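Notes to accompany the following structure.
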Amino acid sequence: MHCNATVCFYLQDDAIVNSVITPDFDLSKGYLSRRLLSQAGSELQTACKKHGAIGVGEVVETDSYQLPCKKILHCHLTPYDKSADNAKVKLILSYTSRPLFEISVIALQRMSTTLN
């Protein structure tokens with residue numbers, strides 16, 4: 001387990017899902033994005049900026065850098081509503097069901113709460 005005072009990442013997680021709050025892919029915005037950035041290192045933000053804007057409903061896969069998992073799946077969802085968690089799960093499941101996707105354990109958090 002890899003922990004700091006507020007976030008723990010378990011070594012058995014192949015991927016962590018991060019809900020990106022703004023389309024500009026700025027990981028300094030949003031609670032989990034900030035924590036991922038602080039633990040993964042600045043290379044993570046560089047990779048996200050190279051991708052460019054992230055659209056609503058899009059999933060972008062990056063390396064995990066200094067985090068103890070294989071990948072980070074970033075998704076941009078609309079602000080929270082009652083069906084947001086279901087939409088998140090459907091989006092991630094459709095993304096991870098692609099052929100050759102080699103991730104079996106995914107860490108999900110409550111998405112689209114728009115908390116900063």
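Annotations
- Dipole-positive endmost among Thr62, Leu27, Ile16 within region 8-71 (Cβ charges, Cα centre): Leu27
- Two-site label geometry, Lys90 and Lys70: point separation in nm, points 7 Å out along Cα→Cβ: 2.6 nm
- Fraction of alpha-carbon pairs over 13 Å apart in region 10-51 - percent: 54 percent
- Point-to-point label distance, Thr46-Glu58, nm (Cα→Cβ direction, 7 Å offset): 2.2 nm
Bear in mind that the values in this text are calculations on the coordinates, not laboratory data. Not measured: the values here are computed from a predicted model. Every residue, glycine as well, gets a Cβ built from its backbone with ideal geometry; the counts of neighbours run over all protein chains shown.
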